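Below is one structure; the comments refer to it alone.
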Amino acid sequence: MITSSRRTIPFSFFVTAILIATLPTAGSPQGAGENMFSPEKAGFTIRFNDEISPYRVMSAFVLPSEKVDLAVQNPDVRGPYSLETSAGVITHRSAARWNWQAPDRPGFSFLRIIHPASHDSILLTVFVMVPYGRLQGEELNGYRIGKYPAIPLKQLPIYRPPRGFIEVTEENLETPVSPHFRLKDFLCKQDGDYPKYLVLKEKLLLKLELILEKANEQGISCRTFHIMSGYRTPYYNKLIGNVKYSRHLWGGAADIFIDEHPEDGMMDDLNKDGQINFRDAGVLYDIIDRMYGKPWYQRFLGGLGRYEKTNNHGPFVHVDVRGFRARWGN
């Protein structure tokens with residue numbers, strides 16, 4: 001029998017859950033040293049709409065009143081699971097599958113999937129976006145977005161205007177969107193008062209977490225990536241003279257570099273030759289490129305480029321989730 005219920009959990013409970021989920025766990029490699037890395041994976045994975053995530057913290061981006069299909073997959077520990085929410089309506093479908101309907105207003109809600117016997121859990125932050133149709137000319141609540149291209153590049157669906165925008169305030173800037181990244185990391189660099197708005201793809205977060213894990217596995221000690229550029233509004237993208245159909249406009253791209261030793265706003269000397277240059281970007285580029293062709297990497301196909309140091313920035317690597325292979329700068 002399918003039942004429907006609204007379970008409202010105190011907001012403070014989910015704030016505590018976020019902090020617990022992002023702190024090192026007992027016995028984890030992260031607790032052994034300042035720069036030790038842990039991927040922060042649960043003992044089960046979840047499917048939400050078209051994405052699959054094993055991480056203890058992840059995000060989803062939906063429209064008001066949209067329904068999300070949630071299911072536990074490949075659990076290490078069998079048995080019933082439970083779902084708790086800070087808002088919205090849960091419809092139970094089985095012991096490990098649910099439908100959740102988002103609130104009818106923009107904001108964000110927390111969903112926590114729990115295995116009661118082991119106390120293992122995954123926290124999914126669901127951002128309810130402001131629909132694209134609420135743009136007034138080129139602005140949204142006073143924040144300049146600009147104009148998305150009227151004609152999609154090569155008529156590809158990925159170049160249609162986004163469905164909506166995540167509202168960013170001074171209060172939610174630090175919200176974790178995955179184990180090693182926060183909402184503020186992806187915010188456009190343009191000036192403007194709050195609220196600001198951005199577009200972000202779940203698949204990009206999953207890809208960045210995967211790349212970070214592989215980099216650490218291959219001996220590059222890093223807790224996160226410095227995201228030099230995440231989302232760009234069409235207005236800002238035009239202002240800096242970038243290409244019209246940049247994937248940054250659709251929230252599916254990030255320009256990244258490793259900045260740990262020392263943390264100085266510049267790519268680290270990854271190849272240990274005493275210089276910071278194109279070859280250091282090449283080390284990160286090669287780690288990513290070697291994953292192509294693996295069956296488990298198929299869903300992360302996208303663009304990959306490396307860039308040289310200039311007077312304005314250090315070397316970096318571009319990654320995106322456009323859905324097909326593209327390469328430059330190699």
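Within the range 254-281, residues that are over 24 Å from Arg322 (Cβ atoms) and of a type in the set (S, T, N, Q) reach partners that are modelled with pLDDT of 95 or more and not in a loop (DSSP other than H, G, I, E, B) with beta carbons closer than 7 Å, at six or more positions or on different chains, in the pairs Asn271/Arg279; Asn271/Asp280; Asn271/Val283. Inspect the range 200-211 for any residue being within 21 Å of Glu138 (Cβ to Cβ), out of contact with any Cys (no Cβ under 7 Å at 6 or more places or on another chain) and not basic (Lys, Arg) and give the result as yes or no. The answer is yes; a qualifying residue exists.
Here Asn277 meets each of (1) surrounded by fewer than 16 Cβ atoms within 10 Å (Cβ to Cβ); (2) touching a Pro at 6+ places or on another chain (Cβ under 9 Å); (3) farther than 27 Å from Cys188 by Cα with one exception, condition (3).
Quick one: in the range 55-70, of everything that is outside any loop (DSSP other than H, G, I, E, B) and without any contact (Cβ under 8 Å) to a residue 40 or more places away in the chain, which residue is nearest to Pro103 (Cα to Cα)?
Restricting to residues being outside any loop (DSSP other than H, G, I, E, B) and without any contact (Cβ under 8 Å) to a residue 40 or more places away in the chain, the top hit is Lys67.
Conditions (1) under 21 Å from Glu213 (Cα atoms); (2) within 21 Å of the chain's Cα centre (by Cα), marked per residue:
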position	(1), (2)
Leu270	yes, no
Gln275	no, no
Gly282	yes, no
Tyr292	yes, yes
Tyr297	yes, yes
Leu304	yes, yes
Val321	yes, yes
Ala326	no, yes
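Once the range 183-221 is narrowed to residues that are in a loop (DSSP other than H, G, I, E, B) and among the polar types (S, T, N, Q), the residue that is surrounded by the most Cβ atoms within 10 Å (Cβ to Cβ) is Gln190. If the condition is being of a type in the set (A, V, I, L, M) and part of a loop (DSSP other than H, G, I, E, B), then the range 128-182 contributes Met129, Leu135, Ile145, Ala150, Ile151, Leu156, Leu173. The set of residues in the range 239-253 being hydroxyl-bearing (Ser, Thr, Tyr) and either surrounded by 23 or more Cβ atoms within 10 Å (Cβ to Cβ) or without any contact (Cβ under 8 Å) to a residue 60 or more places away in the chain (or both) consists of Ser246 alone. Here Arg160 meets each of (1) more than 21 Å from the chain's Cα centre (by Cα); (2) assigned by TED's automatic domain parsing to the domain that holds Tyr231; (3) not hydroxyl-bearing (Ser, Thr, Tyr) with one exception, condition (1).
Residues checked against (1) touching a Gly at 6+ places or on another chain (Cβ under 8 Å); (2) at pLDDT 95 or above; (3) not small (Gly, Ala, Ser):
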residue	(1), (2), (3)
Gln101	yes, yes, yes
Ile114	no, no, yes
Ser118	yes, no, no
Ile122	no, yes, yes
Thr125	no, yes, yes
Val128	yes, yes, yes
Leu140	no, yes, yes
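The values are calculated or read from the model by the stated rules, or taken from the named source; none is laboratory data. In this text the structure is predicted, and so the values were computed from the model without any measurement. Counting neighbours? That spans all protein chains shown, and the Cβs are built from the backbone with ideal geometry, glycine included.
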